[in-house]
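These notes concern the structure reproduced below.
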Amino acid sequence: MEVTILGIESSCDDTSAAVLRGTTMLSNVIASQAVHVKYGGVIPELASRAHQQNIVPVIDTALKDAGITADQIDAIAFTRGPGLLGSLLVGVSFAKGLSLAKNIPMVEVNHLQGHILSHFIDLPDQQIPHPAFPFLCLLVSGGHTQIVKVNSPLDFEIVGTTIDDAAGEAFDKCAKVMGLPYPGGPVIDRLAHEGDPEKFRFAKPSVDGFDYSFSGLKTSFLYFLRDHVAENPNFIEENKADLCASLQKTIIDILLKKLIKASKALDIKEIAIAGGVSANSGLREAIEDEGRRRHWKTYLPPLKFTTDNAAMIAVAGYYHYLNGEQSELDVAPVARLEELLK
Ligand code: KG4
Ligand code: ZN
């Protein structure tokens, strides 16, 4: 009998719980928090409070949807970090409570590893192709941008990383200066369809090796808008779609340049993407186009597994559990990746 894993994810502004049997997803429930939209970004204190309200019903629903009771869980996988400390605390504390009450082992999961391993979630009625090891994963989320060499489900090497902002942050911050709602990534993606990606040119960074930088793009975008709005107050409104299309193309070009370089240098043609920004339709198309040109085998996660979800935490937890890893009751959440990797 395959093991049954409950996954809990609460690192940012989505409260999520999922049940997996082996790697097969039986349920995946996500409560998104609308409370942040009017502030144009996630307010940590409000996120923690919303997690506190959502966690019990979300876990309850995930168990019901999977048709199991808490007594049938073999292990509880939870996000230990990186993320917002107060948000993580809600999930970690719930995992501890349930572990104590039902005597179920806990397994901590690195949120970013979860994003990457989302490629290994199986659906009961649908075959999703899994990348072969070793593969390169372009991990693009709201907080991180990395190229990761994945040697096995538990063996990762960070090949390149952002030295400042993440790709998702570039989307969100540029959207904000255009007056678009939070999160800006999906809005820019939608508006970009109606715009000309060649209309405007923005600065592309030159960074050594396989690392990324997005803060220069953000700044040049801001100054570009400021100068044009000074001449024409309606500039943003009149050029919104072209601005979005051009900005999105610039971000995609930056992402692909280093990915191509890493693929060549490491001679790896199994290429996956993961994380919230991997939902971007332009990026997905560009990866597939590049893949055809370069004979890559490309892996795009199903859209529901791109943004934060507990199924990816559960599948990562599954591999750690099989490897004999368990967390102690004094485990504490950590906000930053560097602390987690210590
Ligand atoms: O992985 P995720 O859900 O949370 C973190 O772990 O950070 O990623 C959220 C990020 C946000 O920056 C959001 O704007 C971005 O993913 N995002 C997108 C799209 N959908 C979500 N960015 C570009 N295009 C999209 N379609
Ligand atoms: Zn995430």
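Just the Cα atoms of the chain, one point each, no solvent: what log10 I(q)/I(0) does Debye give at q = 0.07, 0.13 Å⁻¹? Summing over Cα pairs of the chain leads to -0.29, -0.97.
Nearest-5 percent of antiparallel DSSP beta bridges in region 135-301? Numbers along the way, then the final one.
Details: 12 of 20 bridges.
Expressed as a percentage, antiparallel bridges in region 135-301 total about 60.
Give me the Debye-computed log₁₀ of I(q)/I(0) at q = 0.12, 0.17, 0.29 Å⁻¹ for region 94-158, equal point scatterers on Cα only, no solvent, two decimals. Result of the Debye calculation: -0.44, -0.75, -1.21. For region 135-301, the relative contact order works out to 28 percent when only alpha carbon pairs closer than 8 Å and six or more residues apart are counted.
For the peptides 266-276, 228-238, residues were scored by their other Cβ atoms within 10 Å and the scores averaged per peptide; the highest-first order is 266-276, 228-238. For region 112-220, the relative contact order comes to 21 percent (Cα pairs under 8 Å, sequence separation of at least 6). When the P(r) of region 135-301 is calculated, the portion above 27 Å amounts to 23% of the C-alpha pairs.
Which FRET efficiency value, to the nearest 0.05, is calculated for Glu339 and Asp196 with the Förster distance at 51 angstrom and r the Cβ-Cβ distance?
Working from the Cβ atoms, E equals 0.70.
Using the structure shown, list the pairs from Lys269/Lys342; Lys102/Lys149; Lys149/Lys304; Lys176/Lys258; Lys261/Lys304; Lys96/Lys176 with a Cα-Cα distance above 32 Å, or answer none.
Beyond 32 Å between Cα atoms: Lys102/Lys149; Lys96/Lys176.
Within the shell of other residues whose beta carbon sits under 14 angstrom from the beta carbon of Lys199, the net charge comes to -2, with Lys and Arg scored +1 and Asp and Glu -1. Structural descriptor for the chain: relative contact order 25 percent, calculated from alpha carbon pairs under 8 angstrom and at least 6 residues apart.
Read-outs: derived from the displayed coordinates by stated rules, not from any lab. Given the structure is predicted, the values throughout are model-derived calculations rather than measurements. As a convention, Cβ positions derive from the backbone with ideal geometry for all residues, glycine included, and neighbour counts pool all protein chains shown.
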